[in-house]
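Let me begin by presenting the structure, written as structure tokens, before commenting on it.
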Amino acid sequence: MQFINYFFASIISFSGLIIGLMLAKIAPEEQKPLEKYLFLARRIILLMIFILIMFYYFDSWFYVLTLIAYFAFLLFIEYKTNDMLKKSMLVYAVLGILFFLSSKNTNLFTIESSLILLYGLPAASLMCKRKEKNQYKIIFYNIGFVVISNLLFFL
């Protein structure tokens, strides 16, 4: 895969966060009734990301154990951290690593990048719902996804 395609795919995947921020800005009255569904959607999409990448790397125990360790780390962060901004920053850093790992297979890469885009929608809506109202701060803290995924491409 060429770097330019990979770079634009990472930008498009990250744009789910930006789209989620725009949706939260357009319809703030819908955030309260949908809060429990957004939490559920965020968790289900994150689980789907890990399950699909584990199916691809199922033949290598090293990768499977590494992915399980990443998932356990995210579960620990999910339940021990109350700050949505810090939680999202760590999750997007791990998603950058998973984005790179999925680039070995074109079909998996397409599915994973789409799921990361979909993950950004409820994640951004929940961050806007909470105390964090500054959208630029949310984007700046989560840009680690693009940085990590593109740096890993060159290694």
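The values are calculated or read from the model by the stated rules, or taken from the named source; none is laboratory data. For clarity, every value in this text was computed on a predicted model and none was experimentally measured. In this analysis, Cβ positions are derived from the backbone assuming ideal geometry, glycine residues included, and neighbour counts consider all displayed protein chains. Note: accessible area is taken over every heavy atom of the protein model, side chains too, but ligands, DNA and RNA are not part of it. Shrake-Rupley method; radii C 1.70, N 1.55, O 1.52, S 1.80 Å.
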Segment V64-F140, length gained on full extension (0.36 nm per residue, minus Cα span) = 24.3 nm
Tell me, what is the per residue accessible area of the chain in Å², probe radius 1.4 Å?
-> 57
When a/c is below 1.5 the answer is rounded, else prolate if a/b is larger than b/c, else oblate, so apply that to the range 70-155 with a ≥ b ≥ c taken from the square roots of the Cα gyration tensor eigenvalues.
-> prolate
Hey, what's the per residue convex hull volume over the C-alpha atoms of the chain, in cubic angstrom?
-> 102
Potential extension, E29-S114 segment - 0.36 nm per residue separation minus Cα distance = 27.9 nm
Spin-label pair F55/A93, simplified geometry with 7 Å Cα→Cβ offset, distance in nm = 3.0
Here the equivalent ellipsoid of the range 1-73, derived from its Cα gyration tensor, has semi-axes (largest first, whole Å) of 30, 20, 8
Take peptides 97-106, 23-32, 145-154, 50-59 and line them up by average Cβ neighbours within 10 Å, highest first, as a rough protection proxy.
-> 97-106, 145-154, 50-59, 23-32
What is the calculated FRET efficiency for L151 to L85, with r their C-beta to C-beta distance and R₀ = 25 Å, to the nearest 0.05?
-> 0.65
Determine the dipole magnitude for the chain: charges of +1 sit on the beta-carbon of Lys and Arg, -1 on that of Asp and Glu, nothing else is charged, the reference point is the Cα centre, and the result goes in debye to the nearest 20.
-> 480
